[in-house]
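The values are calculated or read from the model by the stated rules, or taken from the named source; none is laboratory data. Predicted model only: the values in this text are computed from it and were never measured. All Cβ positions, even for glycine, are placed from backbone atoms using ideal geometry, and neighbour counts span all protein chains on display.
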Amino acid sequence: MKSNFLLKLFWPEICPFCGRVSRQGICDGCLEKLELLAAEEPRCMKCGKPIRSGEQEYCYDCVHTDHYFEQGAALWLHREPVNRSIYQFKFHNQRAFGRYYAEEMARRYGRTLRRWDPTLILPVPLHLSKQRKRGYNQAAIVAGELGRLSGITVDDGILKRVRGTAPQKSLAPEERKRNIGGAFLVGRQERKRLAGKRVLLIDDIYTTGSTMDEAARTLRRAGAEKVYYLAISIGQGY
Ligand SMILES: [Zn+2]
Ligand SMILES: [Zn+2]
């Protein structure tokens, strides 16, 4: 799968982080920066946010909130150059970056994935009007690539976004919950495909987790056994 031929065929010609031309994909400068941003230990046992001290088990958010997902993790902290890379991926048609993110997920979280043992991968959906405008759902691209790498079934028709919402980043945590409440739906037909499944949700960014939580709540109520998540980037926990 990782033959040079395939790498040449699919690897972006530019560094997915700084955008400079780079035949090897990610450039050395960004690689160095990313090592410092890798969302690794110590991190929250629940949401995967890096936390300051290894003595805590959970971040501040998770101590104060019950989540509907079992556990989750992300690749990097949402800082330069990761935020820029995701922005390009989302808004400037850099879909090829999705393969790179998925490969990183498979490489870094392969063991975790085997432990979670998901039977279904679902991307967090966009509202249709937004997806039409953008032309694609970035989370679905990463989900598709991860499905191809892992052999786990991807189904992006089960979870739907039925309500447009204000951008979460403009809101305080409590407002975020209200804003996203009832935004997702699993249709009657789709419930059959979800019954008893262990779901891995894929999204680009995890901040307060209210989007992931609402998606997980909707899936659990519609019959999913357990919900996990992987994201490209995540905020810092405390
Ligand atoms: Zn770079
Ligand atoms: Zn947490």
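Consider region 177-191 and keep the residues that are at pLDDT below 95 and under 18 Å from the mean Cα position of the chain (by Cα). The one that is surrounded by the most Cβ atoms within 10 Å (Cβ to Cβ) is Ile180.
Picking from residues in region 15-28 that are near ligand 1 (Cβ under 8 Å from one of its atoms) and in contact (Cβ under 8 Å) with a residue 12 or more places away in the chain, the one that is farthest from Tyr87 (Cα to Cα) is Cys27. Any idea which residue in region 114-126 is surrounded by the fewest Cβ atoms within 10 Å (Cβ to Cβ), counting only those that are under 19 Å from Ala183 (Cα atoms) and touching a residue at least 40 places away in the same chain (Cβ under 8 Å)? The extreme case among them is Pro125. Checking each residue in region 194-217 for being closer than 20 Å to Gly181 by Cα and out of contact with any Leu (no Cβ under 7 Å at 6 or more places or on another chain) picks out Asp203, Asp204, Ile205, Tyr206, Thr207, Thr208, Gly209, Ser210, Thr211, Asp213, Glu214, Arg217. One residue alone among Glu41, Glu32, Glu80, Glu55 is more than 20 Å from Val142 (Cβ to Cβ), within 16 Å of ligand 1 (Cβ to nearest atom) and either without any contact (Cβ under 8 Å) to a residue 40 or more places away in the chain or touching a Lys or Arg at 6+ places or on another chain (Cβ under 6 Å) (or both), and that residue is Glu32. The residues on offer are Phe69, Phe97, Phe89, and the sole one that is crowded, with 20+ Cβ neighbours inside 10 Å, over 22 Å from Tyr136 (Cβ atoms) and touching a residue at least 40 places away in the same chain (Cβ under 8 Å) is Phe69. Within region 223-235, the set of residues being within 16 Å of Arg176 (Cβ to Cβ), among the small types (Gly, Ala, Ser) and either touching a strand residue (DSSP E or B) at 6+ places or on another chain (Cβ under 6 Å) or crowded, with 23+ Cβ neighbours inside 10 Å (or both) comprises just one member, Ala231. Select from region 196-222 the residues that are part of a strand (DSSP E or B) and hydrophobic (A, V, I, L, M, F, W, C) and write down the one among them that is surrounded by the fewest Cβ atoms within 10 Å (Cβ to Cβ). Among residues in region 196-222 that are part of a strand (DSSP E or B) and hydrophobic (A, V, I, L, M, F, W, C), the one surrounded by the fewest Cβ atoms within 10 Å (Cβ to Cβ) is Ile205.
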